[in-house]
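The values are calculated or read from the model by the stated rules, or taken from the named source; none is laboratory data. Remember, predicted model here, so these are calculated numbers, not experimental data. So basically every Cβ, Gly included, is an ideal-geometry build from the backbone, and we count neighbours across all protein chains shown.
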Amino acid sequence: MNHQGHRVWAEVDLAALRRNLRRVCARLGGGAQVLAVVKADAYGHGAVPVARALQNEPGLWGFGVGDSHEALELRAAGLEEPVLVLGTIIDDEVPQVVSHDVRVSIHSMDRIQSLAAESERQGRRTRVHLMVDTGMGRLGAQTPRAVELARAINASPWLELEGLATHASASRPGHPFIDVQRDRLRALSDQLEQEGMRPPLSHFSNTAALLGGVGGDLPLVRPGISLYGILGPEQQAVAPDVEPVMSLRTQVVYLKDVPPGTPVGYNGTHVTTRTTRIATLPIGYNDGFAYRLSNRGRALVRGELAPVVGAVSMDYTTLDVGHIPGVAVGDTVTLIGRDGAHALQVPELASLVGTIPYEIVCSVGKRVKRVYLNRARSEAPPQAGSKPSTNAEGEA
């Protein structure tokens, strides 16, 4: 498949994604199954292609999404695996959630009543997961109320209490509060069991809990960012073999030789100090290349690092490539990923702009073409000075 028509594209390595899932499963020792989190369009990677790539993997139970629209997108694409809305739903979403066999997280008595009524109207039983707040302080019922909700679910012939869950609030492996939350969830589970309620699926382990060795003894784990190979330094230290799945690339569309004293970009925030060459790239903050990378970011051109100069605008970014021989219009530019001996990864960009890695990939815009690959791990990365890649499996 020829990508030379793409101004900006994100390469998504589905083989690396599957290898990351297998590494997660290997940590579980054959016990828990994986609820793969594909919310926020699979963290910008594309929920439907990601789910299709994972659906036949051993150890996968199903998919976790953020809202009902994401669940229905998977159903519309023909995915029949369990799908759980990890967040909340609103009243208008209830009919389609019931009719499409979407699991729902329960946080309130009102939602129990609306789901039960709609399930009865459709003659379909709905499976629900009771969410308890063990310290996140966001969604989820506190323990006394959670017991009341469990009783109400159990009493309804139209609802099935399939799961009991909470949300680990720490993002750092080994954080002591993760153990506190696990113990609170277990205590509630014991209390429900004393009343004859035994939801078969308990779960709370996100990437941080899982990498810290907590929660893998429960029936489900919920890895998100680790599946996509985007880990901070503390996470990478305990999961060094996780592979980044996304690379973000564009190409040089214009070159200009300029003298010293030339202002570049809005408000002239960069002024050249020598005769140099400015490369214009057709990517800007609308595509997910943050404005805060103005005069701070870097890119790879012909395997060499080139600084971002001037302000990142909505549609364009400029680089100083005066030190790189032979740069030509059409050359591939790597903003995330590897080219030659150098690599630029998501955590580095996140650190530069003062955010978390999640925001970087989730911000990759809609007009960035996703190109889906299946690379062997030993396959060489794009070579310096290459034109846009041509070894794709498909596009979205």
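The number of residues in the range 91-113 that are of a type outside the set (Ser, Thr, Tyr) and within 19 Å of ALA152 (Cα to Cα) comes to 12. Of everything listed in (1) out of contact with any helix residue (DSSP H, G or I) (no Cβ under 6 Å at 6 or more places or on another chain); (2) in the same structural domain as PHE63 (by TED's automatic domain parsing), the single unmet condition for PRO282 is (2).
For the range 57-68, indicate whether the set of residues that are at pLDDT 95 or above and in a helix (DSSP H, G or I) is non-empty. Yes, the range 57-68 contains at least one residue that is at pLDDT 95 or above and in a helix (DSSP H, G or I). Of the residues SER169, SER105, the single one that is in contact with a Gly (Cβ under 6 Å, 6 or more places away or on another chain) and within 19 Å of LYS39 (Cα to Cα) is SER169. Scanning the range 332-379 for residues that are in contact with a Leu (Cβ under 8 Å, 6 or more places away or on another chain) and assigned to a loop (DSSP other than H, G, I, E, B) yields GLY340, VAL364, VAL368, ASN374.
Residue selection: VAL312 fails the criterion of being modelled with pLDDT of 95 or more, closer than 19 Å to ARG338 by Cα and within 27 Å of the chain's Cα centre (by Cα).
The residue pairs whose first member lies in the range 125-145 and is at pLDDT below 90, whose second member is basic (Lys, Arg), and whose beta carbons are closer than 8 Å, counting only pairs six or more residues apart or on different chains, are THR134/ARG184; GLY135/ARG184; THR143/ARG184. Of all residues in the range 71-98, those satisfying the criterion of being among the small types (Gly, Ala, Ser) and surrounded by 15 or more Cβ atoms within 10 Å (Cβ to Cβ) are ALA71, GLY87. Just to be sure, is SER226 assigned by TED's automatic domain parsing to the domain that holds ALA36 and on the phi < 0 side of the Ramachandran plot? In short, yes.
One residue is enough: does the range 255-269 have a residue meeting the conditions out of contact with any helix residue (DSSP H, G or I) (no Cβ under 8 Å at 6 or more places or on another chain), charged (D, E, K, R) and within 22 Å of VAL368 (Cβ to Cβ)? Looking for residues that are out of contact with any helix residue (DSSP H, G or I) (no Cβ under 8 Å at 6 or more places or on another chain), charged (D, E, K, R) and within 22 Å of VAL368 (Cβ to Cβ), one finds none in the range 255-269, hence no. You will find that of LEU130, LEU139, the residue that is buried (at least 20 other Cβ atoms within 10 Å of the Cβ) and closer than 28 Å to GLN55 by Cβ is LEU130 and no other. If only residues of the range 171-181 that are part of a helix (DSSP H, G or I) and free of Cβ contacts under 8 Å to residues at least 40 places away in the same chain are counted, the one that is nearest to the chain's Cα centre (by Cα) is ILE178.
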